[in-house]
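**Student:** For reference, the structure I am asking about is given below.
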2 protein chains.
Amino acid sequence: MPAVVTLAVDAMGGDHGLPVTVPAVARILARHDNLHVIMVGEPGALAPELKKEKLDAHPRLSVQAASEVVAMDDPVAVALRQKKDSSMRVAINLVKEGRAQAAVSAGNTGALMAVSRFVLKTLPGVDRPAICTAIPTASGHCHMLDLGANVDSEPEHLLQFAMMGQAVVRAVDGQKSPKVALLNIGEEDIKGNEQIKEAAALMSQAGDLNYVGFVEGNGIFLGDVDVVVCDGFVGNVSLKTMEGVAKMIGGMIREEAGRSWLRKLSGLFALPLLGGLKKRMDPDRYNGASLVGLNGVVVKSHGGTSVEGFASALEVAVLEAERNVPALIRDALAPLE
Amino acid sequence: MPAVVTLAVDAMGGDHGLPVTVPAVARILARHDNLHVIMVGEPGALAPELKKEKLDAHPRLSVQAASEVVAMDDPVAVALRQKKDSSMRVAINLVKEGRAQAAVSAGNTGALMAVSRFVLKTLPGVDRPAICTAIPTASGHCHMLDLGANVDSEPEHLLQFAMMGQAVVRAVDGQKSPKVALLNIGEEDIKGNEQIKEAAALMSQAGDLNYVGFVEGNGIFLGDVDVVVCDGFVGNVSLKTMEGVAKMIGGMIREEAGRSWLRKLSGLFALPLLGGLKKRMDPDRYNGASLVGLNGVVVKSHGGTSVEGFASALEVAVLEAERNVPALIRDALAPLE
């Protein structure tokens, strides 16, 4: 039986807060016997929601009071300097104190990264923590980082992202030698900027890194590589582009299905087909981005996610805590120091 | 009746060459009475293909001999310095000499940009030409640039891209005041790098520019903006990401449809639905990227496109030549000089 894992959950964060976080916690507690959860939030607001989910006397759930909430549009400075008793901050404090192995929040990314970095500090050898998540591909998934924590990354940072991504994939997918690629553009002579060229050189020379070369934007989805490394600006644009295209296609399918009787009928018959597609591309299933490079596991959920989506983010945290990803990253980056 | 337009077509370029370019030219000649086409390539290879399409005695088609072809993997230096009689180069020369108003090629992008820039030169006020194309959105399309001609663009370059994109949309979509947005990432405190912040300031202050602020990667597809401005590295990754996601979804639909009898049946019934979707997302329909900022119209087709796709690229060239987009860009950029 796996060792006990304790998650600190920011119960109040995200667009929906408690109505999403509490039922998701109920689901994940039912799935993992070794899991303990500390729900962090305003006790008066938490109590009725916990009762509704029959969690009010759950033996593996406790409540940690926090009097404030970081709003989705709070500037980082407010989250960091003013709201010191926010549910987000208190959840991360629990990781710092060793009372939890991982914190999960659907609160705003900038604040979560800043508070995590301030409270937990970065691991030795890590200049900048990064945001890393699984991306669906034709044959499964890959991991991509950085997705927005860092703009203007230097070649050394990209190398660190590569080592961290490799450690994550080794830990969560059990792959011994994941293929690591650098995101670039394809034209021969204008192949990448200086930063990319230098990063490629560093990654080629790095020991214990299965660097396989460049991948273009369309190559992310081919299933040929396990880790895609990029600057956070580029990665964020690419990630949001994926979301935008998938959403547009979904919307078009619905529109087309409502356009005529034939298409309505066709849409009805297409349901099993589209259900299969949805399952593979489901944003809920891929919810949960890791803030890697910190002294502790912190997982960021989409702000507007569903119960199932938040449960997916909790699963990511459980897995990374069980495998102790921060220790693996520390070991991986020690030689670079 | 619109004025006569003459296109110089690189008949040999692209993955397929003549079997794609010649039938596409046959289609577009049939569509536009005012169109003349100069097919540039090896006359011996062209003759049988033209005959097959009954173009061998077409009154609005002529052949210009070129003895070389730029290969898809030729380095720019080879295209530029060694293959001076390539079909690509000769087609662009025809624009330079005023014998054609636009050149179209499915040859390699880096070579096409370098040769176009060398032969045609940039317009006054343009430091760097850019690659611009229409992108499907929920409600129609927008234009996006730069898509890969320039990496590490300075704020002044991004402003020039904005002015050029606006001129293109005014000309081809007839919109007087297109909404121009700057591609950025969304987190509050880490909102963009310095280059983006400075570019936003320049664009806010620019006269005659309807700058509407930042857009994120998913915002490209919402139909809220008409021009999306970005650095070429970021734009190329975003464009390729779009292609990758759309292709993956298409592949998954096919896979799901073949998975069981129920799904096979469902896939069959879904055909009209998916047909409607395909029509709206069709890469053929959106084929044809403009190299903007040059003394002449140059349109780049996807290398691996179909006959219909190449015909779309020819349509882009016809429209831009009819509206004289280079003159409009020159007028738009004159105040910046």
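The values are calculated or read from the model by the stated rules, or taken from the named source; none is laboratory data. Being a predicted model, the structure only gives us computed values, none of them experimental. Quick reminder, even Gly has a Cβ in these numbers, built from the backbone with ideal geometry, and neighbours come from all protein chains shown. The protein model used for the area step is the full one, side chains on, heavy atoms only, and it has no ligands, DNA or RNA in it. Shrake-Rupley method; radii C 1.70, N 1.55, O 1.52, S 1.80 Å.
**Student:** Find all pairs meeting these conditions: Cβ atoms under 7 angstrom apart; at least six residues apart or on different chains; first residue within the stretch A:194-207 and free of Cβ contacts under 8 Å to residues at least 12 places away in the same chain; second residue open to solvent by 40 Å² or more (accessible area, probe 1.4 Å).
**Tutor:** A:Ser204/A:Tyr211
**Student:** Among the numbered criteria (1) open to solvent by less than 20 Å² (accessible area, probe 1.4 Å); (2) at pLDDT 95 or above; (3) out of contact with any Phe, Trp or Tyr (no Cβ under 7 Å at 6 or more places or on another chain), which one does A:Ser301 miss?
**Tutor:** (3)
**Student:** Can you name the residue in the stretch B:1-36 that is free of Cβ contacts under 8 Å to residues at least 60 places away in the same chain and among the aliphatic types (A, V, I, L, M) and is also farthest from B:Gly309 (Cα to Cα) among such residues?
**Tutor:** B:Met1
**Student:** Hey, another quick one. Could you grab me the full set of residues in the stretch B:220-247 that are open to solvent by less than 10 Å² (accessible area, probe 1.4 Å), in a helix (DSSP H, G or I) and either more than 7 Å from chain A (Cβ to nearest Cβ) or farther than 21 Å from A:Gly232 by Cβ (or both)?
**Tutor:** Of everything in the stretch B:220-247, those that are open to solvent by less than 10 Å² (accessible area, probe 1.4 Å), in a helix (DSSP H, G or I) and either more than 7 Å from chain A (Cβ to nearest Cβ) or farther than 21 Å from A:Gly232 by Cβ (or both) turn out to be B:Phe221, B:Gly232, B:Gly235.
**Student:** Checking B:Ser177 against (1) surrounded by fewer than 23 Cβ atoms within 10 Å (Cβ to Cβ); (2) within 14 Å of chain A (Cβ to nearest Cβ), which test does it fail?
**Tutor:** (2)
**Student:** Under 6 Å between Cβ atoms, which residue pairs at least 6 apart in sequence (or on different chains) link something in the stretch A:155-175 that is within 16 Å of A:Leu319 (Cα to Cα) and not assigned by TED's automatic domain parsing to the domain that holds A:Val297 with a partner that is open to solvent by 30 Å² or more (accessible area, probe 1.4 Å) and in a loop (DSSP other than H, G, I, E, B)?
**Tutor:** That search, which allows pairs on different chains as well, returns A:Val169/A:Gln175; A:Ala171/A:Arg323.
**Student:** Could you figure out which of (1) over 22 Å from B:Leu328 (Cα atoms); (2) at pLDDT 95 or above isn't true of B:Arg99?
**Tutor:** (1)
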